[in-house]
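What follows is one structure encoded as structure tokens, with my remarks underneath.
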Amino acid sequence: MKVYGEINDEIAAWIAKQHVFFVATAPLSAQGRVNVSPRGLDSLRVIDPNRVAILDLTGSGNESAAHMAENGRLTVMFCAFEGDPRILRLYGEGEVVQPGNGDWDELRALFADDIPGVRQIFHLMVTRVQTSCGYGVPLMDFVADRERLTQWAAEKGPEGIAQYQREKNARSIDGLPAPGFGSDD
């Protein structure tokens with residue numbers, strides 16, 4: 001295991017090549033559920049050695065945002081599924097940036113502007129970068145990104161997405177409010 005205080009150039013280049021990563025959050029309550037969510041679709045940007053932006057698309061739940069709104073904690077994990085083995089974790093504290101708020105325009109400009117169903121952006125201040133061996137992670141070939149999520153969002157359209165978010169994304173499964181969707185913003 002190696003620990004770094006920031007994302008160096010080699011690590012940033014490696015992150016840019018990864019097709020999938022996972023975000024992990026947890027509420028403060030010991031009875032709350034830990035959430036681990038797979039991500040892809042070119043939705044992460046290293047902004048600088050201590051900042052990362054994650055474009056969050058509308059999904060069936062909004063656990064990560066609810067947990068981050070409560071306590072700010074976020075861990076991002078990558079696994080090398082091709083090439084040399086490696087697991088990389090980015091630990092830090094972040095904020096949920098909603099459309100029209102704070103650094104939205106600056107962060108949103110980091111990603112393609114034609115992605116339907118964008119919900120929010122997670123802005124992570126990285127406090128620890130840790131690598132480990134990854135020897136137990138299988139080798140797998142990347143075939144393609146799945147298109148179903150963006151197709152679903154495009155089919156719903158902006159009004160349909162907004163309604164879905166109000167109905168399905170306002171609270172975590174443990175009842176924590178998620179900012180921006182009609183909960184206790």
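Pick out, from the stretch 9-108, the helices (runs of 4 or more DSSP H) lying fully within it that include 3 or more residues that are charged (D, E, K, R).
104-108
Being surrounded by 15 or more Cβ atoms within 10 Å (Cβ to Cβ) and without any contact (Cβ under 8 Å) to a residue 60 or more places away in the chain narrows it down to one of Val46, Val52, Val34, so name that one.
Val46
Yes or no: Ala162 in contact (Cβ under 8 Å) with a residue 24 or more places away in the chain and of a type in the set (A, V, I, L, M)?
Judged against the criteria, Ala162 is not a match.
Exactly one of these conditions fails for Met140: (1) touching a residue at least 24 places away in the same chain (Cβ under 8 Å); (2) over 15 Å from Ser43 (Cβ atoms); (3) surrounded by fewer than 13 Cβ atoms within 10 Å (Cβ to Cβ); (4) under 18 Å from the mean Cα position of the chain (by Cα). Give me its number.
All conditions are met except number (4).
Give the residue, chosen from Val96, Val129, that is touching a Pro at 6+ places or on another chain (Cβ under 7 Å) and buried (at least 17 other Cβ atoms within 10 Å of the Cβ).
Exactly one residue qualifies, and that residue is Val96.
Tell me the residue from Phe122, Phe111 that is at pLDDT 95 or above, part of a loop (DSSP other than H, G, I, E, B) and closer than 26 Å to Asn50 by Cα, please.
Phe111
Answer yes or no as to whether Glu6 is among the acidic types (Asp, Glu), surrounded by fewer than 16 Cβ atoms within 10 Å (Cβ to Cβ) and within 25 Å of Asp103 (Cα to Cα).
Answer is yes for this residue.
The values are calculated or read from the model by the stated rules, or taken from the named source; none is laboratory data. This one's a predicted model, so the numbers in the text were calculated from it and none came from an experiment. Don't worry about glycine lacking a Cβ; one is built from the backbone with ideal geometry, like all the others, and counts go over all protein chains shown.
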